[in-house]
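Enquirer: Structure in structure tokens, see below.
The values are calculated or read from the model by the stated rules, or taken from the named source; none is laboratory data. Bear in mind that the values here come from a model prediction, so they are computed numbers and not experimental data. Note: ideal-geometry Cβ built from the backbone for every residue, glycine included; neighbour counts use all protein chains shown.
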């Protein structure tokens, strides 16, 4: 494809567990583009951005080599590839753990893997973890269904991404240690970390992430009980308080974390609040 120097290249996963969440995040952030089967890239209709659909594993390398300007990929892959990039924003999607798994019959002590063979697509992370534990391992680098490698006798353990653990159980395996927890991350090549165009993208993505974490809570409260209510709902910075026709009452609007909504409504009711309503936040700028 011919590159327009005025446009930024953004690499996102072309398949796998991150593809749909990343596309959804970008569209919610206001970027309009069409996704076609087998298409390698798509141009944004309302921004100077070309989106490239790339293997998730390759994105850190392509950004570090200045082949593309920005990328969205797993934090685990950034570390594994030793990529020299700037991580601008953790996106709160694609959360997973990198874990050590062995046969159900094995002991839970990591020392059972000393001088043993580990199958993994994360050799750098695996070796670093075991070295820190004083355990000597040999890594064989493999992709795909690693679980079968133990049954085939090719490996004594595996280091792999674990989401639910169901696949491990189906193959009579268990985790005996977690190496780390990771999520999808917005990265840019180092030269662009302070670029104004990149900052706009970061703000848009941040707005969606915050919107997913918070709800807007509205309620009425008597003036004499306002301080009690504000102690319960201090807000992101402070609540918005408005007068009502009844001079004894006030209307309060405040952002609170979604995970706290139910308990907060109960607490407000206990101090005399009424007409307590939760409203979804679709987007925001803080």
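Enquirer: On the given criteria, is residue 101 farther than 17 Å from residue 178 by Cβ, surrounded by 19 or more Cβ atoms within 10 Å (Cβ to Cβ) and either touching a residue at least 60 places away in the same chain (Cβ under 8 Å) or not assigned by TED's automatic domain parsing to the domain that holds residue 19 (or both)?
Expert: So residue 101 does not fit the description; no.
Enquirer: Given (1) touching a residue at least 60 places away in the same chain (Cβ under 8 Å); (2) more than 24 Å from residue 203 (Cβ to Cβ), where does residue 69 come up short, assuming only one miss?
Expert: So the condition that residue 69 fails would be (2).
Enquirer: Does the stretch 268-285 include one or more residues that are loosely packed, with under 15 Cβ neighbours inside 10 Å and without any contact (Cβ under 8 Å) to a residue 24 or more places away in the chain?
Expert: Scanning the stretch 268-285, I find at least one residue that is loosely packed, with under 15 Cβ neighbours inside 10 Å and without any contact (Cβ under 8 Å) to a residue 24 or more places away in the chain, so the answer is yes.
Enquirer: Return the total of residues in the stretch 63-80 being closer than 15 Å to residue 180 by Cβ and buried (at least 20 other Cβ atoms within 10 Å of the Cβ). Spell out how you get there, then give the answer.
Expert: Kept after step one, since they are closer than 15 Å to residue 180 by Cβ, are these residues of the stretch 63-80: 74-80.
Adding the requirement that they be buried (at least 20 other Cβ atoms within 10 Å of the Cβ) leaves 74-78, 80.
Within the stretch 63-80, residues that are closer than 15 Å to residue 180 by Cβ and buried (at least 20 other Cβ atoms within 10 Å of the Cβ) number 6.
Enquirer: Just to be sure I understand, how many residues within the stretch 228-257 are part of a helix (DSSP H, G or I) and surrounded by fewer than 16 Cβ atoms within 10 Å (Cβ to Cβ)? I'd like the intermediate steps shown before the answer.
Expert: Filtering the stretch 228-257 down to residues part of a helix (DSSP H, G or I) leaves 228-232.
With the extra rule that they be surrounded by fewer than 16 Cβ atoms within 10 Å (Cβ to Cβ), the set shrinks to 231.
Residues flagged as part of a helix (DSSP H, G or I) and surrounded by fewer than 16 Cβ atoms within 10 Å (Cβ to Cβ) within the stretch 228-257 amount to 1.
Enquirer: Have a look at 192, 217, 210 and point out the one that is within 30 Å of residue 243 (Cα to Cα), out of contact with any strand residue (DSSP E or B) (no Cβ under 6 Å at 6 or more places or on another chain) and surrounded by 17 or more Cβ atoms within 10 Å (Cβ to Cβ).
Expert: Being within 30 Å of residue 243 (Cα to Cα), out of contact with any strand residue (DSSP E or B) (no Cβ under 6 Å at 6 or more places or on another chain) and surrounded by 17 or more Cβ atoms within 10 Å (Cβ to Cβ) holds for just one of 192, 217, 210, which is 210.
Enquirer: Being free of Cβ contacts under 8 Å to residues at least 40 places away in the same chain and touching a helix residue (DSSP H, G or I) at 6+ places or on another chain (Cβ under 9 Å) narrows it down to one residue among 47, 39, 90, 29; which is it? It would help to see each step written out before you state the result.
Expert: Values: 39 fails: touching a helix residue (DSSP H, G or I) at 6+ places or on another chain (Cβ under 9 Å); 90 fails: free of Cβ contacts under 8 Å to residues at least 40 places away in the same chain; 29 fails: free of Cβ contacts under 8 Å to residues at least 40 places away in the same chain.
Among 47, 39, 90, 29, only 47 is free of Cβ contacts under 8 Å to residues at least 40 places away in the same chain and touching a helix residue (DSSP H, G or I) at 6+ places or on another chain (Cβ under 9 Å).
Here is a yes/no grid of residues against (1) surrounded by 14 or more Cβ atoms within 10 Å (Cβ to Cβ); (2) not assigned by TED's automatic domain parsing to the domain that holds residue 75:
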| position | (1), (2) |
| --- | --- |
| 153 | no, yes |
| 159 | yes, yes |
| 164 | no, yes |
| 169 | no, yes |
| 187 | yes, no |
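Enquirer: To continue, here is another question. Count, please, the residues in the stretch 124-160 that happen to be under 22 Å from residue 16 (Cβ atoms) and either part of a strand (DSSP E or B) or in contact (Cβ under 8 Å) with a residue 40 or more places away in the chain (or both). Quick ask: steps written out before the conclusion?
Expert: From the stretch 124-160, those under 22 Å from residue 16 (Cβ atoms) are 124-126, 141-149, 158-160; that's our starting set.
Still in the running and either part of a strand (DSSP E or B) or in contact (Cβ under 8 Å) with a residue 40 or more places away in the chain (or both): 124-126, 141, 147, 158-160.
Residues flagged as under 22 Å from residue 16 (Cβ atoms) and either part of a strand (DSSP E or B) or in contact (Cβ under 8 Å) with a residue 40 or more places away in the chain (or both) within the stretch 124-160 amount to 8.
Enquirer: Filtering the stretch 5-14 down to residues that are touching a residue at least 24 places away in the same chain (Cβ under 8 Å) and either part of a loop (DSSP other than H, G, I, E, B) or within 19 Å of the chain's Cα centre (by Cα) (or both), which residue is surrounded by the most Cβ atoms within 10 Å (Cβ to Cβ)?
Expert: Of the residues in the stretch 5-14, the ones touching a residue at least 24 places away in the same chain (Cβ under 8 Å) are 6-14.
If we keep only those that are either part of a loop (DSSP other than H, G, I, E, B) or within 19 Å of the chain's Cα centre (by Cα) (or both) as well, we get 6-7, 10-14.
Details: 6: 7, 7: 15, 10: 28, 11: 26, 12: 24, 13: 25, 14: 17.
Ranking the candidates gives 10 first.
Enquirer: So residue 225 ticks every box in (1) under 30 Å from residue 280 (Cα atoms); (2) surrounded by fewer than 19 Cβ atoms within 10 Å (Cβ to Cβ); (3) at pLDDT below 95 but one. Which box is left unticked?
Expert: With respect to (1) under 30 Å from residue 280 (Cα atoms); (2) surrounded by fewer than 19 Cβ atoms within 10 Å (Cβ to Cβ); (3) at pLDDT below 95, residue 225 is out only on (3).
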